Amino acid sequence: MIKVIVVDDHPIVTDGIKKLIDSCPDIRTIGTALCGKDCKELLQKTTPDVILLDINLPDINGMDLCRYIRGFYPFVRIIALTGFKEYFYMQKMLQNGANGYLLKNALPEEIIEGIREVYNGNSYFSEEADNVLQAHNNNKLFLTLRETELLKLVVEGYTNKEIASKLFLGVETINSYRKNLLLKLGVKNTAAMVKLAITEKLI
């Protein structure tokens with residue numbers, strides 16, 4: 001069962017997302033928060049697998065809260081769920097440790113798919129968010145914070161077991177990350193990935 005916390009300052013949003021999530025057999029909402037303070041207090045009492053996090057909160061912006069969660073709860077997966085479609089916000093959330101980015105006009109199935117994908121160690125972007133990233137990067141490679149961390153450790157020669165220990169993740173999760181990274185970079189092996197990382201200055 002995937003455990004989710006929803007953080008948004010509009011009760012109508014948290015209630016709607018909760019109903020959507022709880023209609024799925026493999027996902028359930030274990031808490032909702034209307035502000036950053038509530039979210040921090042909730043995290044002291046319960047441990048979610050995934051947090052859906054709004055950026056525009058009344059007491060702290062979601063970008064700073066995302067960095068806080070990533071620092072104190074490194075195992076928790078974070079998806080931005082916001083109305084902000086500008087690249088600036090996407091970039092900041094990803095740099096601060098978010099694993100995905102959903103716009104509030106995303107389809108219900110995109111939200112559910114996003115939760116499942118990030119829970120399984122992948123990144124996820126709703127279609128419109130992905131289009132913004134693609135347009136901004138103009139075919140340049142864009143790596144999330146986690147992917148950049150992994151790539152840096154691969155280039156430095158660490159084994160999957162050593163990387164797993166450093167990132168506080170399981171070895172199987174690292175194996176999955178590496179496979180996804182090879183596909184994303186369009187290379188067939190670690191040597192080619194290291195060469196690309198150096199020549200394209202990806203780290």
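Among the residues of the range 5-20, are any surrounded by fewer than 20 Cβ atoms within 10 Å (Cβ to Cβ), assigned by TED's automatic domain parsing to the domain that holds Ala129 and part of a loop (DSSP other than H, G, I, E, B)? Yes, because at least one residue in the range 5-20 is surrounded by fewer than 20 Cβ atoms within 10 Å (Cβ to Cβ), assigned by TED's automatic domain parsing to the domain that holds Ala129 and part of a loop (DSSP other than H, G, I, E, B).
Regarding the range 113-125, can at least one residue be identified that is assigned to a helix (DSSP H, G or I) and more than 21 Å from Cys66 (Cα to Cα)? First the steps, then the outcome.
Of the residues in the range 113-125, the ones assigned to a helix (DSSP H, G or I) are 113-119.
With more than 21 Å from Cys66 (Cα to Cα) added as a condition, the list becomes none.
Taking every residue of the range 113-125 in turn, none turns out to be assigned to a helix (DSSP H, G or I) and more than 21 Å from Cys66 (Cα to Cα).
Residue count for the range 32-59 under the criterion of being crowded, with 20+ Cβ neighbours inside 10 Å and either touching a residue at least 40 places away in the same chain (Cβ under 8 Å) or not assigned by TED's automatic domain parsing to the domain that holds Gln91 (or both): the result is 7.
Regarding Thr29, is this residue surrounded by fewer than 21 Cβ atoms within 10 Å (Cβ to Cβ), β-branched (Val, Ile, Thr) and under 18 Å from the mean Cα position of the chain (by Cα)? Yes.
Can you name every residue in the range 168-192 that is of a type in the set (A, V, I, L, M, F, W, C), at pLDDT below 90 and surrounded by 15 or more Cβ atoms within 10 Å (Cβ to Cβ)? Within the range 168-192, Leu169, Leu181, Leu182, Leu185, Val187 qualify. The residues in the range 77-94 that are farther than 12 Å from Asn56 by Cα, surrounded by fewer than 19 Cβ atoms within 10 Å (Cβ to Cβ) and of a type outside the set (S, T, N, Q) can be counted, and the count is 4. Exactly one residue among Gly157, Gly114 is among the small types (Gly, Ala, Ser) and either on the phi > 0 side of the Ramachandran plot or over 11 Å from the mean Cα position of the chain (by Cα) (or both), and that residue is Gly157.
For every residue, the table says whether it meets (1) at pLDDT below 95; (2) farther than 22 Å from Ile27 by Cα; (3) part of a loop (DSSP other than H, G, I, E, B); (4) hydroxyl-bearing (Ser, Thr, Tyr).
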| site | (1), (2), (3), (4) |
| --- | --- |
| Ile51 | no, no, no, no |
| Cys66 | no, no, no, no |
| Ile69 | no, no, no, no |
| Pro74 | yes, no, yes, no |
| Ala80 | no, no, no, no |
| Lys85 | yes, yes, yes, no |
| Phe88 | yes, yes, no, no |
| Gln91 | yes, yes, no, no |
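The values are calculated or read from the model by the stated rules, or taken from the named source; none is laboratory data. Remember, predicted model here, so these are calculated numbers, not experimental data. All Cβ positions, even for glycine, are placed from backbone atoms using ideal geometry, and neighbour counts span all protein chains on display.
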